[in-house]
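> Submitted below is the structure of interest, expressed as structure tokens.
The values are calculated or read from the model by the stated rules, or taken from the named source; none is laboratory data. Because the structure is predicted, anything quoted here is derived from the model rather than measured. Note: ideal-geometry Cβ built from the backbone for every residue, glycine included; neighbour counts use all protein chains shown. Heavy atoms of the whole protein, side chains included, go into the accessibility calculation; ligands, DNA and RNA do not. Shrake-Rupley method; radii C 1.70, N 1.55, O 1.52, S 1.80 Å.
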Amino acid sequence: MSTVFSAPLPSPLPAPVRMPTEERQALIVAAAIDLAGRISPGAITTADIAREIGLTQGALFKHFPSKEAIWVAVMDSVTT
């Protein structure tokens, strides 16, 4: 009879944090600004922005329809 060893189960992921749309959009914009300070803005992808704040790209696109819309929001936030 052989002994079967199993690896420990990974810790469950924390539950997603619900926040109002305006707050989530501000978080996305802040992440884009932060990334732009480290990487050329032209090289930043929506996947980079989403990963920076622990979102999926699908969740990011629920708040902004495109990468261009994110950059418009970034420009609005730094010029006002």
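> Just the residues that are open to solvent by less than 60 Å² (accessible area, probe 1.4 Å) and closer than 15 Å to Ala26 by Cα, please, taken from segment 47-66.
Answer for segment 47-66, where residues must be open to solvent by less than 60 Å² (accessible area, probe 1.4 Å) and closer than 15 Å to Ala26 by Cα: Ile49, Ala50, Ile53, Leu55, Ala59, Leu60, His63, Phe64.
Residue by residue, here is whether (1) touching an Asp or Glu at 6+ places or on another chain (Cβ under 9 Å); (2) free of Cβ contacts under 8 Å to residues at least 24 places away in the same chain holds:
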site: Glu23; (1), (2): no, yes
site: Asp34; (1), (2): yes, yes
site: Leu60; (1), (2): no, no
site: Phe64; (1), (2): no, no
site: Ala73; (1), (2): no, no
site: Val78; (1), (2): no, no
